[in-house]
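What follows is one structure encoded as C-alpha cells, with my remarks underneath.
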Amino acid sequence: MGADAAVERHDGTPPGEDELAARMRAEGLSPYGWGNGPGDTYGWHEHGYEKVLYCVHGQIVSHTASGDIELGPGDKMVLPPHTAHAATVGSEGVRCIEAPRQPDKSPVDRIRHMADEPDDLSWSGHPSSA
C-alpha cells in the first residue's frame, strides 16, 4: 500500500453502490460511478483535489510512487491532492464510485476571496457621483 493514500478494507458482504453513494453524500460529496473492462489501464496523472473512491465490484490496482494499492469490493481509498497515480483494472473488470473533496479554505483565504469580488453596492446613483 502506498503511504500517500489512506485505505479502508471492507470485510464481509460489500455494500451496494447506492449505499456507498449515500455514505459519500452524507460527507458532503457528490459521487459518480464509472467502470472499466478487464485489463484496462489509466496512465500517470494527478488531481488538484482529494480523491475519495470506493470499489463497488471487481478489482483495481492504483499505482503510486510509494507502491501499489489493490482495491476490491467495499474497499475505500482516499488519495491526497496532487498525488501522481496510475491504475490497472483486474481480470473481471471494475465498477467504482468516486468524488472529489476540495480542500477547505482557511478564513484568511475566504477573506482574500471576498476582497477580490466586486460588492453589490453601486454608488452610481448617489448624488456625489453625478
Considering only strands (runs of 3 or more DSSP E) wholly within the range 29-71, the ones with at least 1 residues that are of a type in the set (Phe, Trp, Tyr) and farther than 14 Å from Ser91 by Cβ are 32-36, 41-45, 50-64
The condition of being of a type outside the set (Val, Ile, Thr), under 21 Å from Pro100 (Cβ atoms) and modelled with pLDDT under 95 holds, among Gly43, Gly28, Gly2, Gly35, only for Gly2
Boolean, Tyr32 is in contact with a strand residue (DSSP E or B) (Cβ under 9 Å, 6 or more places away or on another chain), surrounded by fewer than 14 Cβ atoms within 10 Å (Cβ to Cβ) and in contact (Cβ under 8 Å) with a residue 12 or more places away in the chain: yes
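The values are calculated or read from the model by the stated rules, or taken from the named source; none is laboratory data. Note that this is a predicted model, so its numbers are computed, not measured. Note that each Cβ is placed from the backbone with ideal geometry, even for glycine, and that neighbours are counted across all protein chains shown.
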